[in-house]
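The next block holds one structure in the form of structure tokens; read it before the comments.
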Amino acid sequence: MFWYPVPGRADVAHIDFPPYVTGRNVFTDAEMDALIARMTGQPGQEVRTGPDLQIRPEQNRSTARHILPDPESGWIYHRIMTTLSVLNAQSYQFDVKGMDEPLYFVTYEGKRQGHYSWHYDGTAAGQAPRKLSITFQLSRAEDYEGGELEFNRTGEPTTAPKERGTFVLFPSFILHRVRPVTRGIRHALVAWVNGPPFK
Ligand SMILES: O=C(O)CCC(=O)C(=O)O
Ligand SMILES: [Fe+2]
């Protein structure tokens, strides 16, 4: 194989990474129930389009609520950050600094076919690049139909576990989507960990 190294970097091994890592039991049922009750009691922001509005009108149809870091939510940040850093060390070793944006509580409703079309998690202006994304299934699988979270690294989409309490951690640049919810409601908790640009 032809290999011309960057000067001084000849010994850096090629490290591949899994397209995503799944797990469970970061939050208990009671904690997820309390979070849903608290967040759905607050006003939400309707999200109708993604950042590439020109290409895909109606890319996204969901309701979003930010969970700001405060004394009431600090433990959620702490638990997610611990999970993120352990799994990053095990599976990705990305250079990350922390969370540069609030936790995101997102709701997809069957009555309006809530969904989020294929996208990667790009970086918003003024923020450090997103490196890893994590999403937690807060709703019971039997409480909604559709709403599958799918990933596409190879051209063949794969579906994330739907079971309540499971999570998926993935590099933010991996394509993913949420299929339309056709009945009931799906809530998810999303976090991003940011860091310096890839180099
Ligand atoms: O609903 C999910 O699980 C993922 C949401 C998502 O991809 C996003 O907010 O960027
Ligand atoms: Fe996303």
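The values are calculated or read from the model by the stated rules, or taken from the named source; none is laboratory data. Keep in mind it's a predicted model, so treat the numbers as computed, not measured. For neighbour counting, all protein chains shown are included, and Cβ atoms are generated from backbone atoms with ideal geometry for every residue, glycine included. In case anyone asks, the SASA skips ligands and DNA or RNA and just uses the protein heavy atoms, side chains included. Shrake-Rupley method; radii C 1.70, N 1.55, O 1.52, S 1.80 Å.
For region 49-60, how many residues are closer than 16 Å to residue 181 by Cα and either surrounded by 14 or more Cβ atoms within 10 Å (Cβ to Cβ) or at pLDDT 80 or above (or both)?
2
Between 146, 165, 155, which is small (Gly, Ala, Ser), surrounded by fewer than 18 Cβ atoms within 10 Å (Cβ to Cβ) and more than 17 Å from residue 18 (Cα to Cα)?
146
Is region 106-123 home to any residue that is away from ligand 1 (no atom under 13 Å from the Cβ), under 20 Å from residue 171 (Cα atoms) and surrounded by 14 or more Cβ atoms within 10 Å (Cβ to Cβ)?
No.
Hey, could you check region 124-135 for residues that are within 12 Å of ligand 2 (Cβ to nearest atom) and open to solvent by less than 30 Å² (accessible area, probe 1.4 Å) and say which is farthest from residue 171 (Cα to Cα)?
So the residue we want is 135.
Would you point out the residue of region 136-158, among those that are without any contact (Cβ under 8 Å) to a residue 40 or more places away in the chain and within 15 Å of ligand 2 (Cβ to nearest atom), that is farthest from residue 66 (Cα to Cα)?
So, considering only residues that are without any contact (Cβ under 8 Å) to a residue 40 or more places away in the chain and within 15 Å of ligand 2 (Cβ to nearest atom), the one farthest from residue 66 (Cα to Cα) is 157.
Name the residues in region 146-193 that are among the charged types (D, E, K, R) and under 28 Å from residue 77 (Cβ atoms), would you?
Of everything in region 146-193, those that are among the charged types (D, E, K, R) and under 28 Å from residue 77 (Cβ atoms) turn out to be 148, 150, 162, 163, 164, 177, 186.
Hey, residue 184 hits all of (1) surrounded by 21 or more Cβ atoms within 10 Å (Cβ to Cβ); (2) more than 9 Å from ligand 1 (Cβ to nearest atom); (3) on the phi > 0 side of the Ramachandran plot but one; which does it fall short on?
Among (1) surrounded by 21 or more Cβ atoms within 10 Å (Cβ to Cβ); (2) more than 9 Å from ligand 1 (Cβ to nearest atom); (3) on the phi > 0 side of the Ramachandran plot, residue 184 violates only (1).
Considering only region 19-38, I want to know if a residue exists there that is open to solvent by less than 60 Å² (accessible area, probe 1.4 Å), touching a residue at least 12 places away in the same chain (Cβ under 8 Å), in contact with a His (Cβ under 8 Å, 6 or more places away or on another chain) and more than 17 Å from residue 190 (Cβ to Cβ).
No, that holds for no residue.
Scan the strands (runs of 3 or more DSSP E) fully inside region 145-199 and keep the ones with 1 or more residues being more than 12 Å from the chain's Cα centre (by Cα).
It comes to 149-152, 181-194.
When you go through 133, 139 one by one, which is the residue that is touching a His at 6+ places or on another chain (Cβ under 9 Å) and assigned to a loop (DSSP other than H, G, I, E, B)?
139
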